[in-house]
Amino acid sequence: MTDSAHSIALVGFSDPIARDLAATIRSTNAYGIEEVISPLSVINGHAVDLTKNHDVIIFRTDTTDSGDVDALEAIQASASGKSKIIALTEETASLQSAHRLARAGADAVLPDTISAEELQNAIRDALAALAPKAAEALRPQGKIISVAQARGGVGATTVAVNLAHTLLDRQGKFKKTSANRVALVDLDLQFGAVAGFLDIAGNDSLFQMASEQTMPDAVFLEQSMVTLDTGLSVLPAPSSIAPVDALQPEQVRAILETLSRDFDYVVIDLPRSLVGWIAPVLEMSDRMLLVTDTSVPSIQQARRLIDFFTEDNLALPIDIVVNRESRPLVLGRHHTEAAKVLERPFFSWLPDDAKPARIALDRGQPLSEVAGRAPLAKSIRKLGRALVTAFEDETKSRKMTR
């Protein structure tokens, strides 16, 4: 018997492959079905009516014709309904074409070679997304942690990559289950190395977004990010060198807003260059880690960066991470003088542990996966716990002052 609570519109299912898929959907008798043989681009105002009357719209499109993209944009601009839209493309459709459909308003973009079972799963996922999710509605905004460097080569990317992995808080007997959802974003458009650290294939999504001046949304980011076996989601820097100022502040803000809604922690590996689009990062960061050593030039540069960063966000907590130096039992005079110059104590010390760090880098894996007992791995875990504790203390303090 048809479930009138769920209805589907099939649009443009005229070719044989699409007709077979349409017949499979109809044969389940699980949904109310309306079929429109004409393509989405030619049914004009009727497409808006479909979004009001149906839970899911599935349309067959030819990505060599921009008409359906224009129709999708018009639907998103005028529709008052909340339908989920699934686009079925030809098998040879490019990733760029899929991104264009997603940006225009498609919630999912699938090849027309998809099996009937896979399509049914996609429909169920779309229907599930329509259901209210009380738990997610109450979920607190994710914490944004930006990682900056006082000088080149000080190891900021090593800190960012391994901190992000630590914040997953993998649990269970074999440490396979992640307690937190964590995103790692490489915003160094020219020399970003996160992909190399984690053996990820090149990805030019950020370059494409910058060059086309498009606004990223949840669909774009979902398709652009790489999720590792560990559970870590990564948005890598472009594989080709892009102008350092290619991004716009609004694009960066949209990335951070979207990710902070979906992830518990967002770790950002910042470039050394100080560009205009860094302003929303500073404004939205809950904490910044400034990675340095204790040499006089590095401390001087760290002081200059602190002054610059706090111009945009006076309340931004900036924690100093001393890399490649173990905390001494008694701080030397140059340490205490450096802390005075920086007007803050050293938050974390990470020992010089070159051998396991090099092995992890060559294998393209987080340090704790390769040498979990190494002093550097232990110190980064300690850094992660200190950050989590700091966030928890801030939350308690806010509740007490209400």
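The values are calculated or read from the model by the stated rules, or taken from the named source; none is laboratory data. For clarity, every value in this text was computed on a predicted model and none was experimentally measured. Because the Cβ atoms are built from the backbone with ideal geometry, glycine has one as well, and the counts that use them run over all protein chains shown.
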From the list ALA87, ALA71, ALA22, which residue is in a helix (DSSP H, G or I) and under 26 Å from MET215 (Cα atoms)? ALA71
In segment 197-234, the residues that are over 13 Å from VAL161 (Cβ atoms) and of a type in the set (Asp, Glu): ASP204, GLU212, ASP217, GLU222, ASP229
From the list ALA302, ALA374, ALA338, which residue is farther than 20 Å from THR157 by Cα and either modelled with pLDDT of 95 or more or under 31 Å from the mean Cα position of the chain (by Cα) (or both)? ALA338
Exclusive hit being in contact (Cβ under 8 Å) with a residue 40 or more places away in the chain, in contact with a strand residue (DSSP E or B) (Cβ under 6 Å, 6 or more places away or on another chain) and closer than 24 Å to ILE278 by Cβ, set VAL226, VAL161, VAL182: VAL182
If you go through segment 169-210, how many residues are loosely packed, with under 15 Cβ neighbours inside 10 Å and either part of a loop (DSSP other than H, G, I, E, B) or of a type in the set (Asp, Glu) (or both)? 10
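Conditions tested, residue by residue: (1) farther than 19 Å from VAL147 by Cβ; (2) of a type in the set (A, V, I, L, M).
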| site | (1), (2) |
| --- | --- |
| PRO297 | yes, no |
| GLN300 | yes, no |
| ARG304 | no, no |
| VAL321 | no, yes |
| ARG324 | no, no |
| PRO328 | yes, no |
| ARG333 | yes, no |
| ALA339 | yes, yes |
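Look through LYS340, LYS382, LYS355 and report the one residue that is assigned by TED's automatic domain parsing to the domain that holds ASP307, out of contact with any Ser or Thr (no Cβ under 9 Å at 6 or more places or on another chain) and farther than 26 Å from ALA195 by Cβ.
Exactly one residue qualifies, and that residue is LYS340.
Being over 14 Å from ALA201 (Cα atoms) and either in contact with an Asp or Glu (Cβ under 8 Å, 6 or more places away or on another chain) or outside any loop (DSSP other than H, G, I, E, B) (or both) is the filter here; which residues of segment 226-253 pass it?
Looking only at segment 226-253, we keep the residues that are over 14 Å from ALA201 (Cα atoms), and these are 229-232, 241-253.
Passing the criteria: THR230, PRO249, GLU250, GLN251, VAL252, ARG253.
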Looking at SER285, is it touching a residue at least 12 places away in the same chain (Cβ under 8 Å), over 30 Å from ARG333 (Cβ atoms) and buried (at least 24 other Cβ atoms within 10 Å of the Cβ)? yes
Failed criterion for VAL266 (all others in (1) within 24 Å of ILE380 (Cβ to Cβ); (2) at pLDDT below 95 hold): (2)
Out of all the residues in segment 282-293, which are under 26 Å from SER379 (Cα atoms) and either part of a helix (DSSP H, G or I) or touching a strand residue (DSSP E or B) at 6+ places or on another chain (Cβ under 6 Å) (or both)? LEU282, SER285, ASP286, ARG287, MET288, LEU289, LEU290, VAL291
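For segment 298-315, check the following and say yes or no: at least one residue is assigned to a loop (DSSP other than H, G, I, E, B) and touching a residue at least 40 places away in the same chain (Cβ under 8 Å).
no
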